[in-house]
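J.: So that we are looking at the same thing, I have put the structure below in structure tokens.
The values are calculated or read from the model by the stated rules, or taken from the named source; none is laboratory data. Bear in mind that the values here come from a model prediction, so they are computed numbers and not experimental data. Cβ sites come from the backbone with ideal geometry, for glycine too, and all protein chains shown count toward neighbours.
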Amino acid sequence: TRKEKVPPPPEFSGADGKVQAKEWIEKLGLYFAKVKPADDEERITTALYRLSGEAYRFMGPLLEKAGNGEPLGTWADFKKQILNQYAKKMDKEIAEKEIKAFYGSNGKKKVETNFFTYCSKFRTLGRLSEIDGTTLLREFKEVLPEKVRDHVAILTRVTPAAIPADWDKYVDLCLELYKIAYPDKLDGSIFKEEKKEKKEEKKEQPKETAQKKAHSKGKGKATSTSTEQKSTENTEQVCSYCKQKGHFFKSCSKLKKDKE
């Protein structure tokens, strides 16, 4: 049977090359699955042959080892070294571009749509981009909702120590202040339980009131009945027919007998 010819993996030249680090490593994996190299040494040597440009220079120390016939380590370590250098760098560059859409007027629009979503994305991009904290803090303050800004101003005057200098912690503080300033906006999935609890409390209150009313109505009836009974039992009225105390003329038993 004719053996299928396996195309060699592409060359990798670094962050600015046609092939990205993750794709290159994956294609090397496919190639190795077909050719079945003997060991990690063979895998690494094959990969080193496919390096060029900046990536070739970056792996200089390992290339030197390969030339001297020294051990090259494991394939897992080689992959990690490439991905840490180039895949992470790529994420950083993308985040640096994307975070700009979270500044100024564009940022304010995103804040108006959903402050919680804005904070989550701003935080992720801020960490990935590795932009200095002072810049991130300044840009974040610019887009804050008005009431949150007012709360921060009051807090700064009253308890200056409560205002964090770290941009990440500052975002946390503003999220808490937002919940206080805009309770009606707690529509994020995180806060659904809070809203549910408040609704349940409101539902329970009318029931309690109704129970109290029913209870008070009962009390009223009982009181009026007992009052009527007392007025009948304790009356000093003298019957005009038999001249006896304790009943009225209409209910006089002597009158009834005499009529019969």
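J.: Mind checking which residues of segment 45-70 are in contact with a strand residue (DSSP E or B) (Cβ under 9 Å, 6 or more places away or on another chain) and hydrophobic (A, V, I, L, M, F, W, C)?
T.: 47, 51, 55, 58, 59, 63
J.: Of all residues in segment 8-58, which are free of Cβ contacts under 8 Å to residues at least 12 places away in the same chain and in contact with a helix residue (DSSP H, G or I) (Cβ under 8 Å, 6 or more places away or on another chain)?
T.: Within segment 8-58, 19, 37 qualify.
J.: Which of the residues belonging to segment 61-75 are under 24 Å from residue 19 (Cα atoms) and surrounded by fewer than 10 Cβ atoms within 10 Å (Cβ to Cβ)?
T.: Correct list: 61 only.
J.: Here's another thing I want to ask about it. Could you please find all residues in segment 1-57 being aromatic (Phe, Trp, Tyr) and outside any helix (DSSP H, G or I)?
T.: Applying the first criterion (aromatic (Phe, Trp, Tyr)) to segment 1-57 yields 12, 24, 31-32, 49, 56.
Of everything in segment 1-57, just one residue is aromatic (Phe, Trp, Tyr) and outside any helix (DSSP H, G or I), namely 12.
J.: Hey, residue 159 hits all of (1) under 30 Å from residue 184 (Cβ atoms); (2) surrounded by fewer than 16 Cβ atoms within 10 Å (Cβ to Cβ); (3) modelled with pLDDT of 95 or more but one; which does it fall short on?
T.: Single failed check for residue 159: (3).
J.: Now a separate question. Would you check if residue 30 is buried (at least 17 other Cβ atoms within 10 Å of the Cβ) and either farther than 30 Å from residue 132 by Cα or not assigned by TED's automatic domain parsing to the domain that holds residue 128 (or both)? First the steps, then the outcome.
T.: Numbers: buried (at least 17 other Cβ atoms within 10 Å of the Cβ): no; either farther than 30 Å from residue 132 by Cα or not assigned by TED's automatic domain parsing to the domain that holds residue 128 (or both): yes.
No.
J.: Hey, another quick one. When you check residue 73 against the structure, is it outside any helix (DSSP H, G or I), in contact (Cβ under 8 Å) with a residue 24 or more places away in the chain and over 19 Å from residue 8 (Cβ atoms), yes or no? Outline the logic, then answer.
T.: Working: outside any helix (DSSP H, G or I): yes; in contact (Cβ under 8 Å) with a residue 24 or more places away in the chain: yes; over 19 Å from residue 8 (Cβ atoms): yes.
Yes.
J.: If you don't mind, another one. Hey, can you tell me all the residues within segment 85-121 that are closer than 22 Å to residue 184 by Cα and of a type in the set (Gly, Ala, Ser)?
T.: 107, 120
J.: Quickly run through segment 3-28 and pick out the residues that are among the acidic types (Asp, Glu) and in contact with an Asp or Glu (Cβ under 9 Å, 6 or more places away or on another chain). Talk me through it step by step, then tell me what you get.
T.: Quick first cut of segment 3-28, residues among the acidic types (Asp, Glu) only: 4, 11, 16, 23, 26.
The answer is 16, and nothing else.
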